[in-house]
C-alpha cells in the first residue's frame, strides 16, 4: 500500500520548477519505476510532480556537435533511437537491457540518474560519453558533469528544488563501442556487472580507449588510469593483461575487497579481455 | 471422439475475456478485510501482546487470537501439528499470531503494524543438522519428523559384486511455488447462516474438514467453494486464508475478504524441501547397476505440512527409474525453525532426480559408456521390479521415451566451446503413496436434455475440467459435448481428493468413467442410443425422480512395509526422458538452456495441448530449479530478489508424447503434472558437465556458483 500523497501533473518545465520550489516535500516522478517501489516500501512525500508529459524534457536533439537528451526520454526510446544507436551505441545497448519492456517503456534516463543506483545500466555509457547534466531550479540553472552529480550510492548532489532537464553527451564516431553486462537471468534483472567501452584502434595499436564499469564499486566509475595506459599502446597480450591488472587494482583501491568480488573480478577480467581483444 | 483431440478448454473464454472471477476478484457488499499479524522471530516465546493502539484505530472491527478459536487450533494435511494462530510460541518467521479484521484493507494493515509483541527468543534451529544434535525440541516428540527406509536385497553384497562405486553428495534449497495468483479468498454467512469460504485452493473437501475442526461445527454447516485459481503447484494444498476467513466470519457475522501480498506469500507459504543427499551407486563394467545406497536429510521447517510425504516419496523414488537389485535408503526429515516446507510439484522426487541422474552419467563416463545406453540398459520396463519390489505389470514406457529422444541424442553436435548436452530420466508414482486416495463424482440429467457432471476436482489451471469432460463424453459415446459442469463446490459435489500428486486425470478420470458406465447402462435402457433424446428421457423419468449416478475410484496400492517400504505404493507410474542442450559462457558463468526434447509416457494424452502445456511449464520450472531459484530466509522478500526464469530464459521445447496405455486408467491415461518438471534440472546439470567438465551437485547452479566452480576446475587442471 502506498502512503498518502497529492499528485500534480506539470504541463511545462516552468510549471514543474515552480511546483518544486513552492511545495513543502515534493518529489519528481517520470516513469516511477524506482520511485513507486520506494514509496510502496514506506517513503513519504507530500506531492508527486509528474513530468513525464513535458515536451521540453522529451527527445534527442543535436546542436554544435553535442547531443542533448531530454531527461524524460524513456529507455525504450533511447534503445531504438537511430541517432543514439549511431553516435552512442553503448547507451542504446544499455538502455535496451534495463528491466523489462514494461520498465523500459516507463522508466526514463533522468530517473535512472536521479536514482543513482550503483547498478544503473545507463551510467557507464554516459560516463564514457562525458555526460553533462543540466539542472534547473525556478531561478537558477547549472551544468554539472555526471561524475560530480553522483556522490554516493543512491545519493546525488542535485538539490531538492532542482530538476534534471537534459543530459548532454558527446558523440563517439570511429570507435568500436558497446556495453556488456552480466545478470542472474536473461532479462529483467539488476546487472551484476556492466562494462561500457569505446575503442579507437589502428594497425594493432590502441589510439583511444574509453572504459566505464558499473555494479562493481559504490558508483559506476570511469577507468581513467586504464584509459591513459592504453592510449597509443600496442594492442597485444602484454598490454591487455596490464590494463586488466590495473583495472582490478583501481577497483580494489576504490572499495577494498568485497565478498562479491570472488565472482565479479574474475568475470570482469574475462569481459575486459574480450572487449579489448575485440 | 473427444479424447486425444485438442478441445478448447472450457475455462478459456472466461479467462481470455477477463470475466473469470479469481479469488482476488471476489467481492460482497459490506465486506470487511482481514490481515494477519505475523511473527518477526524464527523461534520465540510470546511474552506479551499489546493490541491497544491497533484496537483504538478507527475502522478496526475485531482482533482475533488463538483464544478466540472455538474449536481446535491445529491443522495439517498429514498430522495436526500447525496452529492456525500461535498459542504462546512461534516456531518460524511469519507464523500467524493474530487476525485483524477492519473496514478497509488499509486500516487492517495499519492496525497490524500497530500491534506490539514482546518475544523471548529461543534457539533458532536454522539447519537440519543442528536440529539432529540440538537439545532444544521444536515439538515435544523430538526434532525428527519422519524416518523412512527402503530395503531391497542386500546393498553391501551388491557393492561387493560391483566393479566400480561412485559416491557423492547433492543438495537443493527452498523453492517457492510462485503462482501468478497469491493466496486469497472471501468468507461469508449464507442465507441459512452457514459459513461459506470461497478461495484459491487445490482441495475443497479437505478445507471444509479443517474449518469444521477449527470452528467446532459440523462439516455440513460449512461450504467451501473453489474460486478460479491462478496456480497451485502444491502451495494451496495446506490451509492458507481459509481458516482466518472462517474465524473472522464466525466472529463478525459479516463477509470478510483477504489476500496475501506477494511478500507475504513468499514469507509464509510452504516451500520445496531442501534435501541433502549422500548417494552411493555400484555398477558392473557392462553398466548394469548392482546396488544403490542413499542417505537423505530433509529440512521440513517447524511443521509437518507434507514433510512425511516428501520423506517417503523421496525414499521410494531414490533409485530413479532403473532396475537396481540391492537398495538401501534412509530418508530422514527434521523439524527446524526455517520456512515450512511442504508439497511442491514432485514431493522430493526432483531433488532425487538430480542425484540419480548425475550418478548414472558419472558411471557411464567411468566405464566409457554412452549416457543414453546406460539408461536403456537399466531402464524399468514391463515386468521389472522397482526399488520396492513392485512388479510393473502395466504401462511402463521409459524405454519408449528414451527411444523417442534417441535420434536427437545420436545426432547431437556441439555448436561451440560452451555447448553441451545432457539427459535426465524419471519415474513418478501417480497418486498418493501407499494410502487410499479415492475420488468420487456424480452425474445426472437436466430438463434441457444435458448431462450434468458434479465434480469436486479443483482445476488450478492445469485443465482437469476439460480433460474430465472429454473422458465423460467418450465414456458415454456422445457425439457433441452436451455436458454441463457443476464444479468446485462442497455443496454440489463429492470429495475428489486434492489436485496433487499428478492424480486427477488418472483417479478422478476413473471415477468419471465409473459413473459414466452406470449412466450409459441407464441411457441404453431408456433408448438413448436408439435415438431418443435426453430431453425426452428426462421428461419420462421426471415423475419418479431423476436418478443420480455415482462414480468412484481408489487406485489399488499397498501400504509400504514400515521397515523396508516394500510393496506397491502406486497403481501406476509416469515415465519421462528429457534431453537438454545448454550454452555456457565460461567468462560470466551464465548458462542458457537452449533446446529441450522432452518425451513423456502419459499412458494416453486426453488433451494433447494440455499435456504439451504441462511439459512446457515443467521445463520452465526445471530451468528455475536448476539455474536460479533460491529462497533465502530473511533475504528473499519479493520477486525483486527471488529470481524466476522469464520467457527469455526458456529453451525451445519439443514435447514428445509417448502413449503406453495404462489398463487401470481412463482410456489408458496416467498423469503428467509433476513428471513434466522432475528430470529437467538433472538434464541441465548433466549438460553443464558435458559443456565444461564441471559437476554441479548443489542447486541452484546460478551464475556465481557456476563461475566459481569453473575457476576452481581451471586451477585444478593447471596443477
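The values are calculated or read from the model by the stated rules, or taken from the named source; none is laboratory data. Treat the numbers as computed from the prediction; the structure is a model and nothing was measured. Cβ placement follows ideal geometry from the backbone for every residue including glycine, while neighbour counts extend to all protein chains displayed.
Does residue B:198 satisfy being modelled with pLDDT of 95 or more, touching a helix residue (DSSP H, G or I) at 6+ places or on another chain (Cβ under 8 Å), more than 30 Å from residue B:317 (Cα to Cα) and surrounded by 24 or more Cβ atoms within 10 Å (Cβ to Cβ)? Before you say what the answer is, go through the steps one by one.
Numbers: modelled with pLDDT of 95 or more: yes; touching a helix residue (DSSP H, G or I) at 6+ places or on another chain (Cβ under 8 Å): yes; more than 30 Å from residue B:317 (Cα to Cα): yes; surrounded by 24 or more Cβ atoms within 10 Å (Cβ to Cβ): yes.
Spelling it out, residue B:198 is indeed modelled with pLDDT of 95 or more, touching a helix residue (DSSP H, G or I) at 6+ places or on another chain (Cβ under 8 Å), more than 30 Å from residue B:317 (Cα to Cα) and surrounded by 24 or more Cβ atoms within 10 Å (Cβ to Cβ).
Give me a count of the residues in the range A:4-42 that are away from chain B (no Cβ under 14 Å), part of a helix (DSSP H, G or I) and under 25 Å from the mean Cα position of the chain (by Cα).
Number of matching residues: 6.
Can you tell which of B:259, B:272, B:313 is buried (at least 20 other Cβ atoms within 10 Å of the Cβ) and touching a strand residue (DSSP E or B) at 6+ places or on another chain (Cβ under 6 Å)?
Details: B:272 fails: touching a strand residue (DSSP E or B) at 6+ places or on another chain (Cβ under 6 Å); B:313 fails: touching a strand residue (DSSP E or B) at 6+ places or on another chain (Cβ under 6 Å).
So the residue among B:259, B:272, B:313 that is buried (at least 20 other Cβ atoms within 10 Å of the Cβ) and touching a strand residue (DSSP E or B) at 6+ places or on another chain (Cβ under 6 Å) is B:259.
Go through the range A:58-92 residue by residue and tally those that are part of a loop (DSSP other than H, G, I, E, B) and touching a residue at least 12 places away in the same chain (Cβ under 8 Å). Steps first, please.
At the first step, the residues of the range A:58-92 found to be part of a loop (DSSP other than H, G, I, E, B) are A:58-59, A:64-65, A:71-73, A:81, A:88.
Imposing the further condition that a residue be touching a residue at least 12 places away in the same chain (Cβ under 8 Å) reduces the set to A:58-59, A:65, A:71-73, A:81, A:88.
Residues meeting the conditions: 8.
What single numbered condition from (1) within 11 Å of chain B (Cβ to nearest Cβ); (2) in contact (Cβ under 8 Å) with a residue 12 or more places away in the chain; (3) within 30 Å of residue A:49 (Cα to Cα) fails to hold for residue A:192?
The one condition residue A:192 does not meet is (3).
Looking only at the range A:109-124, decide whether some residue is assigned to a loop (DSSP other than H, G, I, E, B), farther than 26 Å from residue A:247 by Cα and within 14 Å of chain B (Cβ to nearest Cβ).
no
Among the strands (runs of 3 or more DSSP E) lying completely within the range B:1-102, list those that include at least 2 residues that are under 29 Å from the mean Cα position of the chain (by Cα) and either in the same structural domain as residue B:611 (by TED's automatic domain parsing) or more than 17 Å from residue B:183 (Cβ to Cβ) (or both). Lay out the reasoning, then the answer.
On the way: elements: B:32-38, B:44-50, B:60-64, B:96-102.
Per the criteria, B:96-102.
Does residue B:670 fit the bill of being in the same structural domain as residue B:353 (by TED's automatic domain parsing) and in contact (Cβ under 8 Å) with a residue 40 or more places away in the chain? Step through it out loud before you land on a result.
Details: in the same structural domain as residue B:353 (by TED's automatic domain parsing): yes; in contact (Cβ under 8 Å) with a residue 40 or more places away in the chain: yes.
Answer is yes for this residue.
Can you pull out the residues in the range B:634-655 that are buried (at least 19 other Cβ atoms within 10 Å of the Cβ) and either closer than 19 Å to residue B:503 by Cβ or more than 14 Å from every other protein chain (Cβ to nearest Cβ) (or both)?
The first filter runs over the range B:634-655 and keeps only residues buried (at least 19 other Cβ atoms within 10 Å of the Cβ), leaving B:636, B:642-643, B:645, B:649, B:651, B:653, B:655.
Across the range B:634-655, the qualifying residues are B:653, B:655.
Test residue A:231 against the criterion of being surrounded by fewer than 20 Cβ atoms within 10 Å (Cβ to Cβ), at pLDDT 95 or above and away from chain B (no Cβ under 14 Å), and give yes or no.
Answer is yes for this residue.
Please go through the range B:184-202 and give me each residue that is part of a loop (DSSP other than H, G, I, E, B) and in contact with a strand residue (DSSP E or B) (Cβ under 7 Å, 6 or more places away or on another chain), ordered by number. Before you say what the answer is, go through the steps one by one.
Initially, the range B:184-202 is screened for residues part of a loop (DSSP other than H, G, I, E, B), giving B:190-194, B:200-202.
B:190, B:194, B:200, B:201 - these are the residues of the range B:184-202 that are part of a loop (DSSP other than H, G, I, E, B) and in contact with a strand residue (DSSP E or B) (Cβ under 7 Å, 6 or more places away or on another chain).
Check B:619, B:685, B:623 and return the single one that is outside any loop (DSSP other than H, G, I, E, B), within 14 Å of chain A (Cβ to nearest Cβ) and buried (at least 24 other Cβ atoms within 10 Å of the Cβ).
Values: B:619 fails: within 14 Å of chain A (Cβ to nearest Cβ); B:685 fails: within 14 Å of chain A (Cβ to nearest Cβ).
The unique qualifying residue is B:623.
Can you name every residue in the range A:248-269 that is in a helix (DSSP H, G or I), touching a strand residue (DSSP E or B) at 6+ places or on another chain (Cβ under 9 Å) and within 11 Å of chain B (Cβ to nearest Cβ)?
We begin by selecting, within the range A:248-269, every residue in a helix (DSSP H, G or I); these are A:248-255, A:261-269.
So of that shortlist, the ones also touching a strand residue (DSSP E or B) at 6+ places or on another chain (Cβ under 9 Å) come out as A:250-251, A:254, A:263-264, A:267-268.
Result: A:263, A:264, A:267, A:268.
Kindly provide the set of residues from the range B:201-219 that are within 23 Å of residue B:437 (Cα to Cα) and touching a helix residue (DSSP H, G or I) at 6+ places or on another chain (Cβ under 7 Å), ordered by number.
Within the range B:201-219, B:201, B:207, B:208, B:209, B:210, B:211, B:212, B:218, B:219 qualify.
When you go through B:595, B:604 one by one, which is the residue that is surrounded by fewer than 21 Cβ atoms within 10 Å (Cβ to Cβ) and either away from every other protein chain (no Cβ under 14 Å) or not in a strand (DSSP E or B) (or both)? Even if it seems obvious, please write down each step before you answer.
Details: B:604 fails: surrounded by fewer than 21 Cβ atoms within 10 Å (Cβ to Cβ).
Among B:595, B:604, only B:595 is surrounded by fewer than 21 Cβ atoms within 10 Å (Cβ to Cβ) and either away from every other protein chain (no Cβ under 14 Å) or not in a strand (DSSP E or B) (or both).
Which is assigned by TED's automatic domain parsing to the domain that holds residue B:679, buried (at least 19 other Cβ atoms within 10 Å of the Cβ) and assigned to a loop (DSSP other than H, G, I, E, B), of B:396, B:364? Break it down stepwise before answering.
On the way: B:364 fails: assigned to a loop (DSSP other than H, G, I, E, B).
None of the other options fit; the residue is B:396.
Here's the yes/no breakdown for (1) farther than 17 Å from residue B:36 by Cα; (2) away from chain A (no Cβ under 14 Å); (3) in contact (Cβ under 8 Å) with a residue 40 or more places away in the chain:
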position: B:63; (1), (2), (3): no, yes, yes
position: B:88; (1), (2), (3): no, yes, yes
position: B:120; (1), (2), (3): yes, yes, yes
position: B:134; (1), (2), (3): yes, yes, no
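Out of all the residues in the range A:153-164, is one or more assigned to a loop (DSSP other than H, G, I, E, B), free of Cβ contacts under 8 Å to residues at least 40 places away in the same chain and surrounded by 20 or more Cβ atoms within 10 Å (Cβ to Cβ)? Reasoning before the result, please.
Step one: list which residues in the range A:153-164 are assigned to a loop (DSSP other than H, G, I, E, B), which gives A:153-154, A:157-162.
The next check asks that each one be free of Cβ contacts under 8 Å to residues at least 40 places away in the same chain; those that pass are A:154, A:157, A:159.
Retained after the next criterion (residues that are surrounded by 20 or more Cβ atoms within 10 Å (Cβ to Cβ)): none.
Checked the range A:153-164: no residue is assigned to a loop (DSSP other than H, G, I, E, B), free of Cβ contacts under 8 Å to residues at least 40 places away in the same chain and surrounded by 20 or more Cβ atoms within 10 Å (Cβ to Cβ).
Determine, yes or no, whether residue B:553 is farther than 30 Å from residue B:387 by Cα, at pLDDT 95 or above and surrounded by 14 or more Cβ atoms within 10 Å (Cβ to Cβ). Break it down stepwise before answering.
Details: farther than 30 Å from residue B:387 by Cα: no; at pLDDT 95 or above: yes; surrounded by 14 or more Cβ atoms within 10 Å (Cβ to Cβ): yes.
Spelling it out, it is not the case that residue B:553 is farther than 30 Å from residue B:387 by Cα, at pLDDT 95 or above and surrounded by 14 or more Cβ atoms within 10 Å (Cβ to Cβ).
Which numbered condition in (1) under 23 Å from residue A:130 (Cα atoms); (2) more than 14 Å from chain B (Cβ to nearest Cβ) is the only one that residue A:245 fails?
For residue A:245, the failing item is (1).
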